[in-house]
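Heads up, the thing below is written out as structure tokens.
None of the figures in this text is laboratory data; all of them are computed from the coordinates on show. Since we're looking at a predicted model, the values are computed, not measured. Cβ atoms come from the backbone with ideal geometry, glycine included; neighbour counts cover every protein chain shown.
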Amino acid sequence: MARSPLCTPRDHLLSRRQWLGATALAGASALAVNPLTIAAEAKKKGKQVLFVWLDGGLSQLESWDPKPNTPFGGPFRAIPTSVPGIHISELLPNSAKQMHHLALVRSLCTQDNSHSAGVERIQRGDPKNRGVTYPYFGSAVAKLLGSGDSGLPPYIHVKPLSGGFMPKDAGFLGPKFGALALGDGKAPDNLLRPETMTAEEDNERNELRNLVDQRYAENRRTNTMEATRYVFNMAAQLQKRRDLFDISTYSPKDVERYGKHEIGRHMLIARRMLEAGVTFVKVSSFGWDTHGDNFNGQGSLVPQFDQAFAAMISDLHERGMLEHTLVIAMSEFGRTPRINGHLGRDHWPEAWSLAMGGTGIKKGAVVGKTNDKGTFVATDEHDIGHLFHTWFRALGIDPKKTEYDNEGQPLPIAHEGCKPLTEALA
Amino acid sequence: MPRHLVLTLLLAFPAAPFAAEPLSARIDQLISAKASNAKFSNLSDNAEFLRRIYLDLAGRIPARDETARFLADASPTKRSKLIDDLLNGPDFPTRMSEQFHVMFMERLGDHADWSAYLLESFKKNKPWNQIAKEILRADGSNPETKGSSFFMSKRLEHYGQQTVDYSALTRDIGRLFLGKDLRCAECHDHLFIEEYKQKDFKGLFAFVQNAFLNDEKTAVVGEKPMPGKVPFMSVFKKIPKETGPGLPGGKELEVVVFKKGEEYAKAPDPKAKSPGQLKFSPLTLLSEQVPSKESPDFARNITNRIWFLLLGRGIVHPLDLHHAGNPPSHPELLALLADEFVAHGYDIKWLITEITRSQTYQRSGKLPEGVAKAEPQLFVTSLEKRLSAEQLIASFQTALNVKADPAAKTKIMKAYANAPREPEDEISPMLKGALFLLNDPLVLGWLAPQPGNVVDQLSKKPEGELADEVYLTVLSRKPTDAERQTVNAYVKKHEAKKAEAVSRLVWALLASTEFGINH
């Protein structure tokens, strides 16, 4: 999806050349405050993140904040959940049973009404404009928590359509912290070694290649050689874990439980990635922009999400992984209470919801509420900056004490005008 | 020339110090003057120069025999002769048309007429001001220049519910023709760059806001009559303003509004898919205003971009941020290049000749003794340059003596090209490229020993020649003793399956950093 945000010019970006120039110092760069301590802590706890992105805008009224029997409520009912007092849409029957692992935020009030601005703004946490492009949450976590010892890239994005390495997510952190996208959930192109080649032959040719590179760089600038080595190493790591991408080894029961639809398949792949130790796994689902025929649209999409999401929560809990995994499900905005002439709902950043759970999050919490018609937030409004503070806290990172170091420029990791939603923190 | 002498000359004759000398020498003098105490790298050796100049001017590595011939040539003028030969050779127009395609279309798409137009233009060595004029006029009705409209027509397409992105078109004209990225000045004066004003963005926008895509297939662009000035308002200070078309920092042009029904010199003809011709045509104005001597940004931008293509870094860098806060590394040099380029009739070939003849271009990429880090903006050590997918295709073909069919070319493009709108102006090794080399059957198939192919021929060479032949063929140089030893030992280890071992050796060289970039 091509997006051209208004204000991310090239002078705001840390250039790749600068990154290449800085790889010698990699690891230590772009983090001012004791990165080693954070990384060590994280490793000890094995903190991970599952980030489910419903691109185009999940309708809060057909999900976490139903308003049945009101002018804008639509045709769906509300149902009780495993937490007394919390009701959600009947389109989420499975998630309702997992509610005791989750928390809801019903007081989101963000600013951008367009996809192009909203997606970027939300995922970058809307920091104050300092003339730099901030990293997406995934790249931020990849930087702050590191890749652990899984040997896999720290940030994997399971998404529909095309895949590949997406350096742009990383903003000023530099391309290294970009996302490895698995297009249509599939392994990157050319992941598998040809069957005619033995592992030994493969090793030999790569040793020869490394030797050629080493000799080339002997009396030259070494940046390019190092960047080349980095991508070849990543290729080798992925190849070692190619079992992760082999869907035929997935249990048929799981495939059934998560659903054979796209988000079901992708969520199951995401579970594998989390089990393999990937720090940040993002699952994207497209097609949520229901300007027309909202009730059939959300009516068919929400149950698919519900099936996959609830299966994931249940599995993470059973495996003890919710203890160290932060789970978030959200969009770039909600949908208008007003139902338009095409029986659709349009973009609504004024009052919408998200679900989260897992490590650091208070089970069964509900933050904020909307007014009776669901048109506006009736309690304190919360912008994305508050959520970034909350999530970092949940991961054991103190946004007040941790900052990025962008080539000498100290930058806060979350908007300094915002603070965490303490009522959602465990 | 010793540096202190240059400095003395500079001090002694500050006004017109080197009027009679060729531009290439003046380039070196200005680079030396700025370098101050920085150590220079040696001049490149012949093999280093040969590979670099082939990639830059022919878009491919030299073939094994071309390398051997050049290395054996004892003539002291062989470098300038090679430069002239390549500039007048069959590969130069192809190379330039591909590079300009990459730079100006930024992988947005391809069109056969556009490729043909660029190729023809470089075959004729058309002056840059003429090419730019034709591209910006985007006139599909003239059969001579019809492909030129693709720059504009592609950017006037729209997808699904998305409207035509006129802001992006405006931005691209500013960036690519004038070296100014006005993106942040669309909604307000630029917050950090003093001279990028919202009026500059809107003035440029006014030229193109009424253009439309008349026919996608033929890339014909039309214009609706301009109703008047473009109104705008800063998102910070809500004061209504308006502007007619104008270049950034330049004069605002008058908008001539004709009565309804009288706007056209030639009426549109929907049957013939002709958009007609307006009496007041902003695109015509744009095509006259941008490539003119009154627009200093125009010559500075293209000379800086050609310098970047050959030297690996712009004198102004990034290429699209010409402004006072981002000054040129060598202000006099950029001014000199731009002035001389204009004086020589915007002759790209001439400019390339002068730059490539300079010692600055011909310097080695190896660091001077005792130097760990050379400042890139001083140009004291040659910089590495990215190879485009097109250069890689041509170089694979040359090294392996194969012909890539269209499917093979598409594969290589996919593995090495950037996503649309991402300028390919930096070296950035990518995972997809590594996986392509490691596992894709295409290159591995070319490398599998088969009777008569390169690997087969190489593996039949006697031990004394094998390493030299492998290196000459792939890396366009002779190996060092240590490299000879590595090759011989490896082949010896696999004596029973020598051809397969040679195949892996050739692969290792093809997949190396040294092959994958221009250094």
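Hey, got the Cα dimensions of the protein assembly as shown along the principal axes, in Å, largest first?
That works out to 92, 85, 59 Å along the principal axes.
Nearest-5 percent of antiparallel DSSP beta bridges in the protein assembly as shown?
65 percent
Is any residue of the stretch B:134-172 close enough, with backbone N under 12 Å, to a label point placed 7 angstrom from the Cα of B:Asp269 along the Cα-Cβ axis, and if so, which?
Output list for this probe position: empty.
Would you mind ranking A:Ser139, B:Ser97, B:Ser329, B:Ser382 so that the residue whose beta carbon has the fewest other beta carbons within 10 Å leads the list?
Listing A:Ser139, B:Ser97, B:Ser329, B:Ser382 from fewest to most nearby Cβ atoms yields B:Ser329, B:Ser97, B:Ser382, A:Ser139.
Under 5 Å between amide H atoms, partner at least 5 residues away or on a different chain: which partners does A:Ser331 have, H built in plane at 1.01 Å?
Hits under the 5 Å cutoff: A:Leu54, A:Leu58.
Give me the inter-chain shielding for B:220-231: mean count of other chain Cβ atoms within 10 Å, whole number please.
Per residue, the average neighbour count from other chains is 0.
If I model a spin label as a point 7 Å beyond the Cα along the Cα-Cβ vector, how far apart are those points for B:Glu157 and B:Glu369 in nm?
Each label point is offset 7 Å from its Cα along the Cβ direction, giving 5.7 nm.
Rounded to the nearest 0.05, what FRET efficiency do A:Met197 and B:Asp65 give with R0 = 22 Å and r taken as the Cβ-Cβ distance? Could you check?
0.10
I'd like the orientation of helix B:166-178 relative to chain B: the angle between its Cα long axis and the longest Cα principal axis, in ° from 0 to 90, rounded to 10.
Computed tilt is about 60 degrees.
Do any of A:Lys128/B:Lys251; A:Lys143/A:Lys363; A:Lys47/A:Lys159; A:Lys400/B:Lys202 go past 32 Å between their Cα atoms, and which?
The pairs that break the limit, which is 32 Å between Cα atoms, are A:Lys128/B:Lys251; A:Lys400/B:Lys202.
In whole Å, how far is the Cα centre of the stretch B:116-191 from that of the stretch B:447-519?
The two parts, judged by their Cα centres, are 45 Å apart.
How big is the C-alpha Rg of the stretch A:208-283 next to the rule-of-thumb value 2.2 N^0.38 Å, as a ratio?
1.62
Between the stretch B:339-368 and the stretch B:279-338, how far is it from one alpha carbon centroid to the other, in angstrom?
16 Å
Which ordering of B:Phe150, B:Phe100, A:Phe232, A:Phe286 is given by a fewest-first count of other beta-carbon atoms within 10 Å?
Starting with the residue having the fewest Cβ neighbours, the order is A:Phe286, B:Phe100, A:Phe232, B:Phe150.
Restricted to Cα positions, what overall size does the stretch A:195-240 have along the principal axes? Three whole-Å values, descending.
37, 19, 10 Å, listed from the longest principal axis down.
For the stretch A:234-271 and the stretch A:121-192, write down the distance between their C-alpha centroids in whole Å.
19 Å
Assuming R0 = 45 Å, what is the FRET efficiency of A:Ile247 and A:Leu425, from their Cβ-Cβ distance, to the nearest 0.05?
That pair, A:Ile247 with A:Leu425, gives E of 0.75.
Once you keep just the Cα pairs under 8 angstrom separated by 6 or more residues, what percentage relative contact order results for the stretch A:313-426?
Relative contact order of the stretch A:313-426: 23 percent.
From the helices alone, meaning DSSP H stretches of at least four residues, give me the mean residue ellipticity at 222 nm for the protein assembly as shown, per-run term -39500 (n - 2.57), in deg cm²/dmol to the nearest 500.
-12500 deg cm²/dmol
Hey, what does the equivalent ellipsoid look like for chain B, semi-axes from the Cα gyration tensor as sqrt of 5 times each eigenvalue, largest first, whole Å?
Rounded to whole Å, the semi-axes are 45, 30, 20.
Taking every residue in A:152-165, how many Cβ atoms of other protein chains lie within 10 Å of its Cβ, on average?
1
What is the order of B:Phe236, A:Phe388, B:Phe49, fewest Cβ neighbours within 10 Å to most?
Result, fewest neighbours first: B:Phe236, B:Phe49, A:Phe388.
Over chain A, with a single point scatterer placed on each C-alpha, what log10 of the ratio I(q)/I(0) does the Debye formula yield at q = 0.06, 0.07, 0.10, 0.12 1/Å?
-0.25, -0.34, -0.69, -0.98
Going by average Cβ density within 10 Å per residue, which order do the peptides B:400-411, B:358-369 take, highest to lowest?
Those peptides, ordered most packed to least, come out B:358-369, B:400-411.
Please tell me the relative contact order of the stretch A:231-328 in percent, rounded to the nearest whole number, where contacts are Cα pairs under 8 Å and at least six residues apart.
Over the stretch A:231-328, the number comes to 27 percent.
Nearest 10 degrees, 0 to 90: what angle lies between the long axis of helix A:294-318 and the longest principal axis of chain A (Cα atoms)?
60 degrees
Work out from phi, with θ = phi - 60° and the Karplus expression 6.51 cos²θ - 1.76 cosθ + 1.60, the ³J(HN,Hα) of each residue of the stretch A:98-104, listed in order in whole Hz, and give x for Gly and Pro.
Per residue, the Karplus-derived 3J(HN,Hα) values read 9, 4, 5, 9, 10, 10, 10 Hz.
Given contacts defined as C-alpha pairs under 8 Å and at least six residues apart, what's the relative contact order of chain A, whole-number percent?
In percent, rounded to a whole number, it is 29.
Among DSSP beta bridges whose residues both lie in chain A, state the antiparallel percentage, nearest 5.
Here the share of antiparallel DSSP bridges comes out near 50 percent.
If I fit a long axis through the Cα atoms of helix A:199-217 and take the longest principal axis of the Cα atoms of chain A, what angle between them do I get, 0 to 90°, rounded to 10?
70 degrees
Just counting partner chain Cβ atoms within 10 Å, what average do the residues of peptide A:189-196 show around their Cβ?
Partner-chain Cβ atoms within 10 Å, mean over residues of A:189-196: 5.
Given R₀ = 22 Å, FRET efficiency for A:Thr379-A:Ser82 by Cβ-Cβ distance, to 0.05?
According to the calculation, E is roughly 0.40.
For the stretch B:400-440, what is the per residue volume of the convex hull drawn over the alpha-carbon atoms, in cubic angstrom?
97 Å³
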